[in-house]
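Everything on this sheet refers to the single structure shown next.
The values are calculated or read from the model by the stated rules, or taken from the named source; none is laboratory data. The model shown is predicted, which means the values in this text are computed figures rather than measured ones. All Cβ positions, glycine included, derive from the backbone under ideal geometry; neighbour counts span all protein chains shown. Just the protein is used for accessible areas: all its heavy atoms, side chains included, with ligands, DNA and RNA removed. Shrake-Rupley method; radii C 1.70, N 1.55, O 1.52, S 1.80 Å.
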Amino acid sequence: MNIDHPDIIAGKKSILNALREQIKTITHHRPPDPQRAISYESHINRLEALRGAPLFHSYIGSGIGNGPLVALADGSIKYDMISGIGVHYFGHSYLDLIACSLDAAIQDVIMQGNLEQNTDSLTLLELITEASKLDCGFITTSGAMACENALKIIFQKQHPKTRLIAFEGCFMGRTLALSHITDRPEFRGGLPTTLTVDYIPFYDYEHPETSLKATTQALYEHLRRYPNQHAAICMELVQGDGGVYPGTKEFFKEIITICKAHGIAIFVDEVQTFARTYELFAFQYYDLQDLVDVVTVAKALHVGVTLWRKEWTPKPLLISQTFTAATTALRAAIFTLKELQNGEYFGALGRVHKLHNAFIEELTSLHERYPEMIRGPFGIGAMVAFTFADGSPEKTGIFLRKLFHNGVIAFVAGSEPTRVRFLPPAGIMTEDHVLHVSAIIEQTIQEYLSL
Ligand SMILES: Cc1ncc(COP(=O)(O)O)c(C=O)c1O
């Protein structure tokens, strides 16, 4: 396919120019258009009825935005601080990504399949194995499938070991198997047991001096009780859905050393952390690159990938699927990886660091002015959280809906306390945007207090 054909180049240029004009009009948050409010509400009601469950936010996108701003179908414009739970790293209507999608749209197929792939899979796998220094990878359509494939690879090699170690509060996805790793019993209500998992405490930032001891004790206890039965330890290096809790290098290293000595595979789930700490992979930030065996990514990459060292290569027939991913998603993943590696995103002076500092400064100042309403801030890099009021799900829910109404989209994380979570579009967000978001948070706190 020759995408350098002059007509294609001219066509793309005129589409992108037309889009650029429209995007320019999206500059500030604004309330819904009252004329569209009634039909919007009926769309929301129909969508909720069809999916058989309420939506968390009354969100139906219009298909356009500008960086962190998204235009909804009710005519409102909002700051999107959760990015589809960590997906839209470059925000909304990012022209370079749209250009990739246009190139993808004129390829011969919409979905690439594992039986017949174009060069995209090869390019992506070359880039991501090189970036991760892991040997092999398998592309898939979601974080959950990437994790499922990781577990299959691990269990096959570790046969007949059947147990897993995981951190309390972890999240790994919602398939039948993963629901039994995700440490939320309410997420697996009524499901048959598929996996046996022994939990150990995650790093306790409130008690750093005793945290490692408590975790190693629990770990040794499981190893004593079930000798030679654990196939892997599943690790999120920053717990995302669990409440946005980072760990430390020393903590992870010690746990990994014990696990390795017991023949336990080190499986790091980077579905949420990929590109959100101060290195491309959190395992690189925590200096664990020589210790990990199997790693998964998804979300900000736009496709799921399971990565492993060659000694973990599964036997033929263990992993396969019809779909590799959509051509658009593969092109987006290739763009994302190249951009993140060539741009100034990571390290002490990178964009992620600057963004984190801007959030911390603003949220700390809000905490100082409203100490009973905002606790924290918490998190690392482009994973930011705070606790609202007493951290109850009810008050946090009310606050988040008001915040949405006022122009900022955020989400929950964890329980006891439930925290307000931001996974902002780190690739494009500026310190100025943070100031606007902060002003809307303050307005929302004041409204809450005047209830
Ligand atoms: C750490 C982690 N692993 C796995 C998943 C599952 O990914 P997906 O929702 O794409 O299936 C998630 C999703 O939030 C996640 O945060």
When residues of the stretch 42-60 are limited to those that are closer than 30 Å to HIS436 by Cα and free of Cβ contacts under 8 Å to residues at least 24 places away in the same chain, the one least open to solvent (accessible area, probe 1.4 Å)
ILE44
In the stretch 34-58, which residue that is in contact with a Phe, Trp or Tyr (Cβ under 9 Å, 6 or more places away or on another chain) and part of a loop (DSSP other than H, G, I, E, B) is nearest to LEU72 (Cα to Cα)?
SER58
What's the number of the condition PHE283 fails, among (1) within 16 Å of the ligand (Cβ to nearest atom); (2) under 15 Å from ILE200 (Cβ atoms); (3) out of contact with any Lys or Arg (no Cβ under 8 Å at 6 or more places or on another chain)?
(2)
Since GLN112 meets every condition but one in (1) in a helix (DSSP H, G or I); (2) open to solvent by less than 10 Å² (accessible area, probe 1.4 Å), which condition does it not meet?
(1)
Could you give every pair whose Cβ atoms fall below 6 Å, whose first residue belongs to the stretch 143-171 and is of a type in the set (Gly, Ala, Ser), and whose second residue is in a helix (DSSP H, G or I), counting only separations of at least 6 or pairs across chains?
ALA144/LEU178
Some residue of the stretch 132-155 being loosely packed, with under 15 Cβ neighbours inside 10 Å and more than 15 Å from the ligand (Cβ to nearest atom):
yes
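This table checks each residue for (1) open to solvent by 30 Å² or more (accessible area, probe 1.4 Å); (2) within 16 Å of the ligand (Cβ to nearest atom).
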residue: PHE202; (1), (2): no, yes
residue: THR216; (1), (2): no, no
residue: TYR226; (1), (2): yes, no
residue: GLU250; (1), (2): yes, no
residue: LYS253; (1), (2): yes, no
residue: ILE258; (1), (2): no, no
residue: PHE274; (1), (2): no, yes
residue: TYR278; (1), (2): no, no
Just checking, which of THR306, THR328, THR324, THR336 is open to solvent by 30 Å² or more (accessible area, probe 1.4 Å) and among the hydroxyl-bearing types (Ser, Thr, Tyr)?
THR328
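Can you tell me which residue among HIS88, HIS92 is in contact (Cβ under 8 Å) with a residue 24 or more places away in the chain and away from the ligand (no atom under 16 Å from the Cβ)?
On the way: HIS88 fails: away from the ligand (no atom under 16 Å from the Cβ).
Answer to the check: HIS92.
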Has the stretch 4-22 got any residue that is assigned by TED's automatic domain parsing to the domain that holds PHE411, part of a loop (DSSP other than H, G, I, E, B) and either in contact with a His (Cβ under 9 Å, 6 or more places away or on another chain) or on the phi < 0 side of the Ramachandran plot (or both)?
no
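For the stretch 18-28, does any single residue satisfy the condition of being more than 23 Å from HIS433 (Cβ to Cβ) and modelled with pLDDT of 95 or more?
So in the stretch 18-28, the residues more than 23 Å from HIS433 (Cβ to Cβ) come out as 18.
Then drop every residue that is not modelled with pLDDT of 95 or more, which leaves 18.
Within the stretch 18-28 (the criterion being more than 23 Å from HIS433 (Cβ to Cβ) and modelled with pLDDT of 95 or more), the answer is yes, since at least one residue qualifies.
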Just wondering, is there one or more residues in the stretch 407-426 that are at pLDDT 95 or above, within 22 Å of TYR89 (Cβ to Cβ) and out of contact with any strand residue (DSSP E or B) (no Cβ under 9 Å at 6 or more places or on another chain)?
yes
Here are some conditions: (1) part of a strand (DSSP E or B); (2) more than 25 Å from the chain's Cα centre (by Cα). CYS234 meets all but one. Which one does it not meet?
(2)
Residues (of a type in the set (A, V, I, L, M) and either modelled with pLDDT under 95 or assigned to a loop (DSSP other than H, G, I, E, B) (or both)) located in the stretch 154-188
MET172, LEU176, ALA177, ILE181
One residue from ALA326, ALA300, ALA358 being within 16 Å of the ligand (Cβ to nearest atom), in contact (Cβ under 8 Å) with a residue 40 or more places away in the chain and over 27 Å from ALA232 (Cβ atoms):
ALA326
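Give me the residue from the stretch 172-192 that is touching a strand residue (DSSP E or B) at 6+ places or on another chain (Cβ under 7 Å) and within 11 Å of the ligand (Cβ to nearest atom) and, out of that set, nearest to HIS222 (Cα to Cα). Walk me through how you get there before you give the answer.
So the first thing to find is which residues in the stretch 172-192 are touching a strand residue (DSSP E or B) at 6+ places or on another chain (Cβ under 7 Å), and the list is 172, 180-181, 183.
Subsequent filtering for residues that are within 11 Å of the ligand (Cβ to nearest atom) retains 172, 181.
On the way: MET172: 21, ILE181: 16 Å.
Looking at residues that are touching a strand residue (DSSP E or B) at 6+ places or on another chain (Cβ under 7 Å) and within 11 Å of the ligand (Cβ to nearest atom), I get ILE181.
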